[in-house]
1. Once a ≥ b ≥ c are taken as the square roots of the eigenvalues of the Cα gyration tensor of the stretch 298-399, is the result rounded (a/c under 1.5), prolate (a/b larger than b/c) or oblate (a/b not larger than b/c)?
2. Quick one: if you take sqrt(5λ) for each eigenvalue of the C-alpha gyration tensor of the stretch 497-546, what semi-axes come out, biggest first, whole angstrom?
3. Which three extents, in whole angstrom, do the alpha-carbon atoms of the chain cover along their principal axes, largest first?
4. Which value in Å is the Kirkwood Rh of the stretch 389-651 over different Cα pairs?
5. Show me the ranking of peptides 266-279, 32-45, 434-447, 345-358 by mean Cβ neighbours inside 10 Å, starting with the highest.
6. For the stretch 389-651, give the share of DSSP beta bridges that are antiparallel, in percent and rounded to the nearest 5; count only bridges with both residues there.
7. Could you list 242, 330 so that the one with the fewest beta carbons within 10 Å of its beta carbon is first and the one with the most is last?
8. Kindly provide the helix-only [θ] at 222 nm of the chain, computed as the sum of -39,500 (n - 2.57) over DSSP H runs of four or more divided by all residues, to the nearest 500 deg cm²/dmol?
């Protein structure tokens with residue numbers, strides 16, 4: 001197996017089930033290796049198990065399919081006219097798609113009105129008109145950047161200080177587009193009321209808390225007048241209406257603890273015309289799982305009798321569909337199993353369609369009855385490539401924490417193992433993310449190494465999500481100090497069990513995992529090789545340069561920058577580089593706004609200045625924080641290949 005094999009895999013990032021529950025429109029994303037680009041097309045699969053058909057074609061990126069309420073048409077986003085995504089509509093019977101919008105910037109999150117005559121969507125509005133002429137546009141892009149807000153850049157999007165996201169409505173008959181919202185806010189995720197007279201949406205607040213605070217608003221379609229209906233929900237997003245139009249459900253965190261790092265996303269309900277918010281899942285000690293892009297995160301799914309909502313939640317490394325009763329907040333599982341559900345769509349009372357993957361394969365498409373019974377698999381997208389690759393065995397294992405209690409981890413092993421193997425400790429990000437039952441193309445090196453005789457451990461130490469609020473919050477102001485002993489204890493157990501060779505240990509991690517790898521090599525010399533990906537190495541500079549630093553760092557350090565200065569410095573790996581005795585490779589995207597490349601630069605410079613170990617630094621032009629998942633395909637191959645080569649070279653017995 002080689003890192004380049006990841007280029008052959010297909011994924012399902014989005015889907016939508018038809019109103020009658022008989023068809024599922026879903027997106028298949030694949031890689032054009034010649035162009036070093038992504039392509040995506042929309043497919044339609046019958047829910048009775050019939051053969052799927054390719055609905056759209058061409059060298060384009062088609063995404064976000066949405067059925068009209070009568071099931072006759074399908075709206076989707078596409079860049080087929082070049083550059084910016086626009087909304088297209090196509091008959092469910094096939095034919096040529098019709099371009100519906102021509103907005104500057106990308107259209108996002110299209111949603112049909114109940115009568116099928118309009119679509120609401122979001123798009124960016126520039127505070128100053130952008131020149132249309134190419135040369136004038138280039139000069140305009142190079143003008144001085146006057147920043148007045150704390151949140152002026154976003155990872156994956158770059159600078160956002162000169163534009164705002166607002167809602168628009170397009171009329172299908174006339175093509176007329178009108179702007180529904182305005183102001184110095186970010187408006188996203190429009191959801192129509194059952195009568196089509198109002199639209200609920202998420203809006204950021206102004207000032208210091210702009211990024212970490214958002215509220216649910218309701219706008220009148222005819223006049224644009226908007227009413228804020230939540231005040232005590234932090235980061236409220238993805239509103240959905242009850243069928244009777246009286247209540248809105250959404251996701252959000254506790255307003256008393258609004259920091260971006262709060263790992264517990266709850267389901268909330270609020271009267272549609274304003275009133276007291278209610279933590280519907282207050283007694284459910286697991287968090288709802290949101291997509292990285294809030295604009296397309298499906299909101300809670302209402303039952304047809306207004307009695308419950310269904311959502312995706314993380315639990316012990318899995319991601320399941322869970323249903324919460326409106327009456328008392330009690331929860332019950334709908335779709336479970338040793339897997340991670342990544343996207344779901346439902347016709348209430350009828351069927352649920354979802355994408356799910358496990359340790360053996362990336363996500364495929366499934367459908368069940370409303371109660372979760374009669375599950376049917378509709379696709380096997382990667383059957384051929386998986387059959388060609390060397391088999392890798394993955395299993396859940398339980399370890400004993402030195403702090404008491406069990407810890408779960410996932411161990412990848414070659415199909416045929418003879419004696420203790422070299423071990424890579426691969427540390428997940430977050431810290432409130434979690435390892436689990438998922439085939440990860442972002443960290444494809446795990447499978448490459450396992451196919452070549454390695455063992456790979458991904459542990460869920462204290463601070464990981466999917467184990468409850470107390471467990472996730474246990475790492476605050478204890479980064480590295482609490483979880484490094486847990487990682488080392490798991491290594492000791494694998495050595496004692498004869499699985500790991502104590503003389504051939506390596507450590508790697510990305511984002512928070514990059515922090516942990518940097519921290520680890522400054523506090524132990526047990527590892528022969530280290531790969532640090534997009535780390536936090538200096539908490540103080542991270543506070544001021546990350547797109548989330550001003551809110552995330554105080555949450556995680558449990559103090560603001562001034563009063564928490566000692567904690568910020570104590571938990572900065574840069575202050576321990578003189579202790580490092582492990583050959584270290586640093587990998588970082590140059591356009592990373594989440595953990596800016598300066599964090600990697602500081603580590604590299606510190607290690608080079610100490611002049612004690614082999615150190616190399618690889619920078620990926622244009623790479624955002626998530627380039628390992630959605631960046632240039634050739635860069636992703638390079639990233640994975642370098643991890644494999646570095647740990648192999650420095651743990652070799654030769």
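1. It comes out oblate by the Cα gyration axes.
2. 27, 10, 7
3. Per principal axis, max minus min of the Cα coordinates gives 71, 56, 55 Å.
4. One decimal place: 18.2 Å for the Kirkwood radius.
5. Output ranking for 266-279, 32-45, 434-447, 345-358: 434-447, 345-358, 266-279, 32-45.
6. Within the stretch 389-651, antiparallel bridges account for around 35 percent of the total.
7. 330, 242
8. Calculated at 222 nm, the ellipticity per residue is -4500 deg cm²/dmol.
Every read-out reported here was derived from the displayed coordinates using simple, explicitly stated rules and does not represent laboratory data. Since the model is a prediction, treat every value here as computed from it, not as a measurement. As a convention, Cβ positions derive from the backbone with ideal geometry for all residues, glycine included, and neighbour counts pool all protein chains shown.
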